[in-house]
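Any read-out appearing in this document is the output of simple, stated calculations on the displayed coordinates, not a laboratory observation. No experiment lies behind these values; they were computed from the predicted model shown. In this analysis, Cβ positions are derived from the backbone assuming ideal geometry, glycine residues included, and neighbour counts consider all displayed protein chains.
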Amino acid sequence: MTGELQIMQRYEKALALTRSMLEAAQKSEWERLVAVERERTSLVDQLRDLDREPPRDARERERKRALLCEIMQLDEQIENLTRDWMRELREVLSSIKAEERLSRTYGASSP
């Protein structure tokens with residue numbers, strides 16, 4: 001297998017993992033999202049080491065560009081979903097902290 005083919009297969013795998021991440025985020029499967037993101041990060045690190053030169057073939061360059069564009073679009077969707085989740089999480093944590101303060105303030109003085 002040629003080096004360029006191996007690189008393109010890794011980009012295809014990165015896209016598949018990104019799709020899986022989006023699916024996990026859409027289903028609020030946060031642990032799965034984190035696990036798949038770790039796997040993709042490892043793959044991206046490999047690509048940084050392996051993919052030093054642009055593909056020689058124009059079709060391969062275009063395919064790589066298309067893959068990267070789709071990955072970036074999916075990442076944006078994932079970011080929007082996780083931003084909402086993080087906001088909800090902050091609200092829940094704030095509510096819990098407020099309950100704890102009330103409990104300490106009024107719970108201690110209860111008969």
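At a glance:
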read-out: Qualifying trypsin sites (Lys or Arg not before Pro) for segment 1-96 [loop in DSSP, other Cβ within 10 Å: at most 16]; value: LYS27, ARG52, ARG56
read-out: Spin-label pair TRP85/VAL34, simplified geometry with 7 Å Cα→Cβ offset, distance in nm; value: 1.0
read-out: Distance cut-off 17 Å, percentage of C-alpha pairs in segment 3-84 lying past it; value: 47
read-out: Gap separating the Cα centres of segment 40-69 and segment 93-108, nearest whole Å; value: 52
read-out: Gain on full stretching of the segment that runs from ARG52 to SER94 - 0.36 nm per residue minus C-alpha separation; value: 10.5 nm
read-out: Charge dipole of the chain about the Cα centre (unit charges at C-beta), most positive-ward option of LEU93, THR41, GLN6; value: LEU93
read-out: Given charges at beta-carbon only (K, R positive; D, E negative), |dipole| of the chain in Debye; value: 120
